[in-house]
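To start, the structure itself, in structure tokens.
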Amino acid sequence: MPWSADCRALLNAMSMPVFVVRADGEIEWLNRRASQLFGNRVPKTIQCLLASPSRSEEFLRAMRRNQAFSHLALRLVESLQDSYIASTRIARHGEVLDFWLLELLPRQWVVGGMHQLSQMIQRTTVLKRERAAAEKTALVAQTQASRDALTGIANRRAFDDWLATALADQQQHLYVMILDLDYFKAINDTHGHDLGDQVLQRVARLLSGTLTRRDDQVARIGGEEFGVLLPGADIHASLKVAWRLVMTLRNHNAGCPSGDSWQPVTLSVGVATRTPGNNISGRELMRQADRGLYLAKQRGRDQAVHVALSGQSDPPRADAG
């Protein structure tokens, strides 16, 4: 293979010994620094470089796979024992040739570099673990911050975030409900707060199980108050959901066996609507839903009232649904 004068000059200028080797292990050429190591004994094959010539085929296989530092385990002849070999396949004008460049690197460079690489990998691993732990801690903290500790469902903070997000989409209807357990204080006063807490926990599960659409949300927003968001629903669907929530507790009261720790409790619901294009605030929407809740209480509790339809003496029901 012809080597240009510029190529030879470049390799001769290198401070490290360099060999150009054929695929069969014959040494095609070596630079000035490599020649100085061997003096008059110019090596003909890579066997001349190895302390164990019988391992030359193992060396060549690694070289042909172009694994630059796969030769670190091979010992070199005594004059080269303080060096390691790194190999690189040669390409010319974009064409990969069957020639390899072997460089003899000082042992301290390789060992020091490998040590630094090992330390860097260890530091990277530690940083990745610490980052994963921090992200997990942050996720747990975020989850805890948005969850009600007693019932396990979302809390007021999460509800307010959902409401703000839903209000930002002004192209769809949004229905907001405020739910309140009727005469819940009497349960706490008569049976104690422990049983009252159990009732709240079960109500939370019942309400969560009643909502079937993916985007519908329920949260505990106060002592015995819950909030429900129905983005994208229509008036019929929202009233149907409101009365389904009321009927869920009615049916649960009727179906509980004697001796169960459950204390019968009913639900009053106020419903408010944000129509597309209406720039109503979340506070005003909640105020309207609270007005519907007040009307539901005023009319005898255990029912749902849509504030826009509050003039009706008999609000629409969805008991059959």
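The values are calculated or read from the model by the stated rules, or taken from the named source; none is laboratory data. Note that the structure is predicted; figures quoted are calculated from it, not measured. Please note: Cβ atoms are built from the backbone with ideal geometry, for glycine as well, and neighbour counts cover all protein chains shown. For accessibility, only protein heavy atoms count, side chains too; no ligands or nucleic acids. Shrake-Rupley method; radii C 1.70, N 1.55, O 1.52, S 1.80 Å.
The table for this structure:
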item: Condition check for ASP260: without any contact (Cβ under 8 Å) to a residue 12 or more places away in the chain, of a type outside the set (Lys, Arg) and assigned to a loop (DSSP other than H, G, I, E, B); result: yes
item: Test: residue in region 222-230 that is modelled with pLDDT under 95, open to solvent by 10 Å² or more (accessible area, probe 1.4 Å), in contact with a Pro (Cβ under 8 Å, 6 or more places away or on another chain) and under 26 Å from ARG283 (Cα atoms); result: no
item: Residue under evaluation LEU195, criteria (1) assigned to a helix (DSSP H, G or I); (2) over 29 Å from the mean Cα position of the chain (by Cα); (3) modelled with pLDDT of 95 or more; (4) not charged (D, E, K, R), criterion not met; result: (3)
item: Of all residues making up region 14-32, the number that are open to solvent by 40 Å² or more (accessible area, probe 1.4 Å) and at pLDDT below 85; result: 2
item: Subset tally (residues that are of a type in the set (A, V, I, L, M, F, W, C) and open to solvent by 40 Å² or more (accessible area, probe 1.4 Å)) for region 270-308; result: 1
item: Identity of the residue in region 180-196, among the charged types (D, E, K, R) and within 24 Å of MET286 (Cβ to Cβ), that ends up surrounded by the most Cβ atoms within 10 Å (Cβ to Cβ); result: ASP180
item: In region 34-56, the residues that are open to solvent by 50 Å² or more (accessible area, probe 1.4 Å) and either touching a residue at least 24 places away in the same chain (Cβ under 8 Å) or over 54 Å from the mean Cα position of the chain (by Cα) (or both); result: GLN36, LEU37, ASN40, ARG41, VAL42, LYS44, CYS48, ALA51
item: From ASP215, ASP189, residue being more than 24 Å from GLN144 (Cα to Cα) and of a type in the set (Asp, Glu); result: ASP189
item: Failed condition for GLY25, given (1) more than 53 Å from the chain's Cα centre (by Cα); (2) on the phi > 0 side of the Ramachandran plot; result: (1)
item: Looking only at region 197-220, and only at residues there that are in contact (Cβ under 8 Å) with a residue 60 or more places away in the chain and open to solvent by less than 20 Å² (accessible area, probe 1.4 Å), the one that is nearest to ARG250 (Cα to Cα); result: VAL203
item: The listed residue being surrounded by 10 or more Cβ atoms within 10 Å (Cβ to Cβ), modelled with pLDDT under 80 and in contact with a Lys or Arg (Cβ under 9 Å, 6 or more places away or on another chain), out of SER83, SER79, SER146, SER118; result: SER83
item: Filter result (farther than 16 Å from VAL176 by Cβ, touching a helix residue (DSSP H, G or I) at 6+ places or on another chain (Cβ under 9 Å) and of a type in the set (Lys, Arg)) within region 213-249; result: ARG244
item: Residue satisfying condition, being within 22 Å of ALA308 (Cα to Cα), in a loop (DSSP other than H, G, I, E, B) and open to solvent by less than 50 Å² (accessible area, probe 1.4 Å), within set ALA242, ALA233; result: ALA233
item: Qualifying positions in region 263-278 - of a type in the set (Gly, Ala, Ser) and either over 15 Å from ALA289 (Cα atoms) or part of a loop (DSSP other than H, G, I, E, B) (or both); result: GLY277
